Every structure is written in C-alpha cells, then in structure tokens.
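Values in this text are rule-based calculations from the coordinates and carry no lab data. None of these values were measured; they are calculated from a predicted model. Neighbour counts run over all protein chains shown; Cβ positions are idealised from the backbone, glycine included.
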Amino acid sequence: MDRRRILLVAAALVAALGTLLVFLYVRGADTRAEQRFDTVDVLRATAVIEAGETIESASANAKLELQAVPQDQLIEGYLTSIDQVAGQVALTQIYPGEQIITSKFGGAGESTSSLQIPKGKLAISVNLTDPARVAGFVNPGSQIAVFVNGTDLDSGESYTRLLLQRVTVLGVGSTTLISTTTTDPGGQQTTEQLPRTLLTIAVDQDEAQRVLYASSNGELAFGLLTPTSSVGRSPGVTGQNLFE
C-alpha cells in the first residue's frame with residue numbers, strides 16, 4: 001500500500017513539473033513573439049554617410065529615416081533622434097540600411113581614416129605612369145615589388161634595382177595628365193601628356209624614407225606579385241652588366 005502511495009505521489013509530482021515546464025515554455029514563446037512583433041522606430045541610413053559628415057548634414061540631405069525595427073533586432077546604442085548625437089560626425093562610412101548607433105559618431109577629431117593600414121605601418125602615396133603601375137592591373141590589396149631607375153651619384157652611371165621586395169597597395173587614386181618635354185640629340189623638343197596615377201602603399205618608416213628618396217631622385221616602377229613570386233636583393237642592372 002505504501003509503495004502504491006509513493007508511486008501516486010511521484011506521478012503527481014511529474015505531472016505538476018510537466019505542467020510547469022509547459023507553462024514556462026508557452027510564456028517564453030509569448031515573450032519572444034512580443035519581442036518579434038513589438039517594434040521601435042529607430043534611425044536608419046537611406047544613403048551612404050561619409051566619414052566626417054555631421055549628423056545634421058546627413059539629416060538635411062535625407063540620408064536618415066525612422067524605420068520600425070523589431071525589438072530582438074535592435075543594436076546596442078540605437079538612436080531614435082539626431083538630438084542624441086547633435087554636433088557629432090560619422091567616425092566611419094555608414095551604408096544604406098544600417099541602424100544609426102552612438103558608437104559610430106563622435107567629435108570631428110575622432111574621425112578615422114577609411115584606409116585599412118596594417119598595424120605598425122604607415123601609408124604613403126606616389127605618382128606612377130601606366131607602365132610603371134603594370135598597365136593599371138595594380139589594385140587595392142595587390143602585393144607589389146618596388147623598383148627604382150636611377151643614376152649613381154658618384155659614377156653618373158644609370159641603374160635599375162629592386163628597392164622593396166613586397167609591400168601592400170592600400171589605394172588607387174585619380175589619374176591626371178602630366179606634360180613631359182624631351183629633347184632629341186638634334187635639339188628638337190617634343191612635349192607629350194602622360195597619364196599618372198596616385199597609388200598609396202603600406203610601409204614602415206625605413207621603407208617610406210627609401211621610397212620618398214627614390215621617387216625624388218629617380219623613377220619608381222611597381223612589379224605585381226603573386227603568392228609564389230620570387231624576388232630578392234641583387235646588385236641590380238647597369239650598362240656594364242646588362243648583357244652578362
């Protein structure tokens with residue numbers, strides 16, 4: 001009899017526990033449903049907001065719009081009004097559809113560069129002709145070797161040498177036409193316009209100094225590399241060893 005009573009009590013407890021679990025699950029489901037269907041009107045970008053652009057400028061140019069967002073999709077720091085970041089600027093580029101959040105705005109001095117400069121490196125830019133930048137095949141992210149065509153200050157002999165073995169291209173700027181005048185042995189001058197493009201590379205301090213000196217005292221040229229390209233330091237090429 002005692003055993004039957006114990007079994008009945010155990011069955012009642014299991015039933016009660018099951019009922020409680022079902023209740024909690026249903027309650028949790030209701031809460032999740034409420035979070036999904038309960039929305040908050042938050043600011044979202046409707047056009048690209050450039051780094052350094054003020055929140056007021058973005059609003060005046062119709063780059064912001066209040067849109068309903070489900071509670072479970074809200075991002076920490078979301079904004080419901082531009083008053084919350086009044087007078088601040090975008091610290092990075094913001095794309096259409098993004099929620100406007102406080103962490104992406106700050107004082108004008110806090111605006112960050114759009115260039116992704118590797119840690120420990122700095123960015124410098126040089127102007128190159130189309131042939132010197134591999135006919136336009138050098139793009140952001142490309143790995144390149146840097147060569148220099150120059151003249152030895154002591155002997156006056158011209159040379160071509162590898163300057164840097166492998167560096168990363170960060171950006172490719174606009175192309176402009178530069179007028180160049182040459183004089184032939186007969187004294188006849190010819191002027192032509194050559195396109196030159198501004199390229200930005202990631203280097204350390206020593207490499208930056210070498211590139212800037214070489215570009216001021218010679219002509220730079222880039223060599224496009226693959227992961228298996230083999231480059232290394234050498235004496236370079238002069239008129240003395242060109243055909244050796």
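Observations on the model:
- Sequence-ordered 3J(HN,Hα) estimates for segment 141-156 from the Karplus curve with 6.51, -1.76 and 1.60 and θ = phi - 60° stand at x, 5, 9, 9, 9, 10, 10, 10, 9, x, 10, 5, 5, 7, 8, x Hz, glycine and proline given as x.
- Under 10 Å, Cβ to Cβ, from Gln67 - net charge with Lys/Arg +1 and Asp/Glu -1: -1
- Environment charge at Val169 (Cβ cut-off 14 Å; Lys +1, Arg +1, Asp -1, Glu -1): +2
- FRET efficiency, 1/(1 + (r/R0)^6) with R0 35 Å, evaluated for Tyr213 and Ser57 via beta carbons: 0.25
- With the simple spin-label model, which puts each label point 7 Å out from Cα in the Cβ direction, the Asp130 to Leu225 separation comes to 2.7 nm.
- Computed over segment 122-238, the range of Cα coordinates on each principal axis works out to 47, 35, 26 Å, biggest value leading.
- A straight Cα-to-Cα reach below 20 Å connects Lys63 with the lysines Lys104, residues fewer than 8 places away in its own chain not being considered.
- Using the Cβ-Cβ distance between Arg161 and Phe243 with R0 set to 25 Å, the FRET efficiency works out to roughly 0.90.
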